[in-house]
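To start, the structure itself, in structure tokens.
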Amino acid sequence: MTAAGLLALAAALFVMSATPGPAIMAVLARGMAHGLRPTLVFGLGIVAGDLCYLGFAMGGLGVVARELGWLFAVIRWAGAAYLVWMGLCCLLRPPARPVAVSAAPCRSRNFLSGLALTLGNPKVIGFYCGFLPAFVDLSALTPTDGLLAACVVGVVVYAVVVAYAWLAAGGRRLFSSGRAWRNANRTAGAVMIGAGAAVAAE
């Protein structure tokens, strides 16, 4: 894979990842509701989902992924339901600053949430199984090319997630009063519910 091809892949990924959609809405909502660290773990799940679809595309399984529409519909609906549930939790949370919970289950839950959201996101499926093969000859990729492509995917997608998470968490730190926290929780809850509705509608 040439340097020009890697740059083209990076540019396409950046546009796809940075364009507001369910994943970005979920990152913003989590950053506002839970802070930077849990959102970064959530972002790792998003990256893992992207890498799964990149592997499907490079392995010639894009057609299989498209044909298993019912499976991805189930994943999408489960992810949408989870986002709505998290949004309701934010809406009903007391105005006090949230108390940290056990790190291990929180990390695994955040990671799996990001993974499920990406696996059920039609935009991601369309990019890797439809758009990507149109400008990258996946059949001619060597193992080294595949590794380079995976590195580009990981770096670009996670950089976009980190940027949005940092902005959301920075806004979260501006709140100091109980009323401000209540308003922040309500905003985050509404965004999460909106993201869940967007995932279900796509």
Filtered residues of region 1-18 (kept if in a loop (DSSP other than H, G, I, E, B) and without any contact (Cβ under 8 Å) to a residue 24 or more places away in the chain): 2
One residue is enough: does region 32-52 have a residue meeting the conditions touching a residue at least 24 places away in the same chain (Cβ under 8 Å), farther than 25 Å from residue 197 by Cβ and touching a Leu at 6+ places or on another chain (Cβ under 7 Å)? no
Please count how many residues of region 37-58 are surrounded by fewer than 23 Cβ atoms within 10 Å (Cβ to Cβ) and among the acidic types (Asp, Glu). 0
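Any read-out appearing in this document is the output of simple, stated calculations on the displayed coordinates, not a laboratory observation. Values in this document were obtained by computation on a predicted structure and should not be read as measured data. For neighbour counting, all protein chains shown are included, and Cβ atoms are generated from backbone atoms with ideal geometry for every residue, glycine included.
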